[in-house]
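J.: Mind having a look at this structure? Questions to follow.
The values are calculated or read from the model by the stated rules, or taken from the named source; none is laboratory data. Just so it is clear, the structure is predicted and the values come from calculations on it, not from any experiment. Glycine gets a Cβ as well: all are built from the backbone with ideal geometry, and neighbour counts include every protein chain shown. When the accessible area is computed, the model is the full protein with side chains, heavy atoms only, and any ligands, DNA or RNA have been set aside. Shrake-Rupley method; radii C 1.70, N 1.55, O 1.52, S 1.80 Å.
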Amino acid sequence: MKLLAAIGVLLFVSLPAHAQAVKPCEELKDEITKKLDAKGVKGYTLDIVAKDKDAEGKIVGTCDGGTKKILYNRTPAPAETPAKEPPKS
């Protein structure tokens with residue numbers, strides 16, 4: 001009886017961990033975006049791609065039960081244009 005109870009407890013405890021691992025990609029992408037924005041990171045993109053797809057970028061998360069990954073890429077800063085002077089009259 002104790003063995004059966006122990007097995008039941010282990011199964012019950014492992015369910016939340018499994019359910020937590022199956023996070024929708026858009027939800028995880030939003031969480032990562034909020035964290036990066038809070039740290040003041042500018043000029044980046046987050047892309048959701050299939051797990052087995054070769055793509056450039058640093059893997060910053062996996063989602064949809066491990067079937068997809070989220071890639072972080074820096075984007076080049078736009079060149080600043082000098083302010084135009086008003087015409088002289």
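J.: Return the subset of Lys39/Lys69; Lys42/Lys68; Lys29/Lys58; Lys29/Lys68; Lys42/Lys69 for which the Cα-Cα distance in this structure is over 18 Å, preserving the input order.
T.: Where the Cα-Cα span goes over 18 Å, the pairs concerned are Lys39/Lys69; Lys42/Lys68; Lys42/Lys69.
J.: Something else about it: To the nearest 10 square angstrom, what accessible area does Lys53 show with a 1.4 Å probe?
T.: Spelled out: Lys53, probe radius 1.4 Å, area about 110 Å².
J.: Hey, how much of the P(r) for segment 36-75 falls beyond 16 Å, as a percent of Cα pairs?
T.: On the way: 272 of 780 pairs.
Across segment 36-75, Cα pairs with separations above 16 Å total 35 percent.
J.: Within 14 Å, Cβ to Cβ, of Gly57, how many net charges do the neighbouring residues add up to if Lys/Arg are +1 and Asp/Glu are -1?
T.: Net local charge, Gly57 excluded: +4.
J.: Give me the accessible area of Leu46, 1.4 Å probe, in Å² rounded to the nearest 10.
T.: 10 Å²
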